[in-house]
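What follows is a set of notes on a single structure, which appears directly below.
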Amino acid sequence: MSLEELRRALAGRAFSTLDPSALSPEYLRTEGALRHAAVLVPLFDRDAGPHVLLTRRRPDLRHHPGQISFPGGQVEPFDTDSLSAALREAREEVGIEPSDVDVLGRLSETLVVVTGFRLTPWVGVVPYPYRWVPHPGEVAETLEVPLVELLRPGVHRTEPREVHGMTHEVHFFALGSDTIWGATARVLSELLSAWRPA
């Protein structure tokens with residue numbers, strides 16, 4: 001599937017939103033307490049195939065240290081909406097200018113299990129090559145990952161985990177010596193279900 005075909009697939013795809021009433025009272029007392037956050041899922045064509053840009057968070061950060069994630073963060077009062085927050089954070093974290101992003105659509109709202117944030121993922125295409133500018137205070141490195149690598153047999157798995165009094169299906173992607181997991185892996189799983197190579 002091409003990125004243009006993915007645009008059409010996302011346009012015709014239903015996405016879900018979180019139902020706070022389905023969460024345990026323990027969850028509602030977490031630090032995030034369902035505060036809204038957003039990420040950009042930056043895609044680009046490289047070597048005749050779609051890739052996704054991921055970041056490795058600095059190991060000394062308070063939240064999710066060293067984890068692989070998408071550029072994103074909390075939706076602030078000055079943001080117009082979750083999309084503007086995702087684009088702002090992508091510019092701050094990796095230097096992607098909002099005007100360079102061709103937004104394809106959004107994916108389902110998901111829960112950041114550990115911190116309790118409700119996360120809206122937005123999918124956008126970025127021209128390539130692009131000069132990523134990782135924020136030195138947040139990003140240790142950027143990773144350019146072919147989507148086909150994430151579809152290889154044995155790369156993706158799920159397992160149940162109990163967090164804050166609820167059992168969740170946690171997604172994992174084995175990427176060389178790294179493991180992508182949690183909300184990032186859940187977003188990737190939904191993206192890959194919408195995209196398949198032709």
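Look at the dipole of the chain built from charges on Cβ: of 53, 153, 72, the Cα furthest out on the positive end belongs to 153. Judged by the gyration tensor of its Cα atoms, with axes a ≥ b ≥ c, segment 3-146 is oblate; a/c meets the 1.5 cut and b/c is at least as large as a/b.
In percent, rounded to a whole number, the relative contact order of segment 3-146 is 33, using alpha-carbon pairs under 8 Å and six or more apart. Computed from Cα positions, the angle between helix 82-94 and the longest principal axis of the chain comes to roughly 70 degrees. Only the Cβ atoms of Lys and Arg (+1) and of Asp and Glu (-1) were treated as charged; on that basis the dipole of the chain about its Cα centre amounts to roughly 260 debye.
Rounded to the nearest 500, the helix-only mean residue ellipticity at 222 nm of the chain stands at -5500 deg cm²/dmol, with each DSSP H run of n ≥ 4 adding -39,500 (n - 2.57). In terms of packing, defined here as the mean over residues of other Cβ atoms within 10 angstrom, the peptides 9-17, 140-148 line up highest first as 140-148, 9-17.
For segment 139-154, backbone phi angles converted through the Karplus equation (6.51, -1.76, 1.60; θ = phi - 60°) give residue-by-residue couplings of 10, 7, 6, 9, 10, 9, 10, x, 4, 5, 5, 6, 9, 5, x, x Hz, Gly and Pro being listed as x.
Where a number appears in this text, it was derived from the coordinates with a stated rule and is not lab data. Please read these numbers as outputs of a predicted model, since none were measured by experiment. Neighbour counts are summed over all protein chains in view; Cβ atoms, including those assigned to glycine, are modelled from backbone coordinates with ideal geometry.
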